[in-house]
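No lab work stands behind these numbers, since they all come straight from the coordinates. Note that this is a predicted model, so its numbers are computed, not measured. Note: ideal-geometry Cβ built from the backbone for every residue, glycine included; neighbour counts use all protein chains shown.
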Amino acid sequence: VQLQACGGGLVQAGGSLRLSCAASGRIFSINLMAWYRQTPGKQRELVALITRDETTNYADSVKGRFTISRDNAKNTVYLQMNSLKPEDTAVYYCNAEIISYYPINSWGQGTLVTVSS
């Protein structure tokens, strides 16, 4: 089982990006899916999460600007990021609680988002 994230890149302040993260392998179901981000010298922080029934929660710093969503048929989670700010610059990681032959807490490889001022 693995997670593959993509969609990062360089964008100007005020712009938008959409991240996606697909899970592959022997998957029976996926419970919680989430996006985290990390900058050098800082702890990884939760950006947004979404439950299987699509209840969402966001960090205060991204509320109203970011939207997390998921497609259970594709085992994929998305993060739509609008009105980006330079302080959103970070490596973004997806995370999922996957039910395979046993429960797995899986991380994607990280995708870099750079917001220029």
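Relative to the Cα centre, the charge distribution of the chain, modelled as +1 at Lys and Arg Cβ and -1 at Asp and Glu Cβ, gives a dipole magnitude of about 140 debye. Each principal axis of the Cα cloud of the chain was evaluated for its coordinate range; sorted largest first, these ranges are 46, 26, 22 Å. Reducing region 66-98 and region 1-49 to their Cα centroids gives an inter-centroid distance of 4 Å. Among beta bridges from DSSP that stay inside the chain, the antiparallel ones total about 90%. Applying the Karplus relation 6.51 cos²θ - 1.76 cosθ + 1.60 with θ = phi - 60° to region 38-43 yields 3J(HN,Hα) values of 8, 10, x, x, 10, 6 Hz, where x marks Gly and Pro. For region 10-99, GluC sites (Glu not before Pro) are listed when DSSP marks them as loop and at most 14 other Cβ atoms sit within 10 Å of their Cβ; the list is GLU54. Here the dipole of region 35-87 is about 140 debye; that uses its Cα centre as origin and unit charges on the Cβ of Lys and Arg (positive) and Asp and Glu (negative).
The simple Förster model, with R0 at 35 Å and r as the Cβ-Cβ distance, assigns SER29 and ASP60 a FRET efficiency of 0.70.
Checking every one of the trypsin sites (Lys or Arg not before Pro) in region 1-101 against DSSP loop status and a limit of 13 other Cβ atoms within 10 Å picks out ARG26, LYS42, ARG52, LYS63, LYS74.
With R₀ fixed at 35 Å, the C-beta to C-beta distance from SER16 to GLU45 puts the FRET efficiency at about 0.95. Of the chymotrypsin sites (Phe, Trp or Tyr not before Pro) in region 1-92, the ones in a loop by DSSP (not H, G, I, E or B) with at most 10 other beta carbons within 10 Å are PHE28. Under 5 Å from the amide H of ARG70 lie the amide H atoms of TYR78, each residue being 5 or more positions distant or on a separate chain, with H modelled from the backbone and absent for Pro and chain starts.
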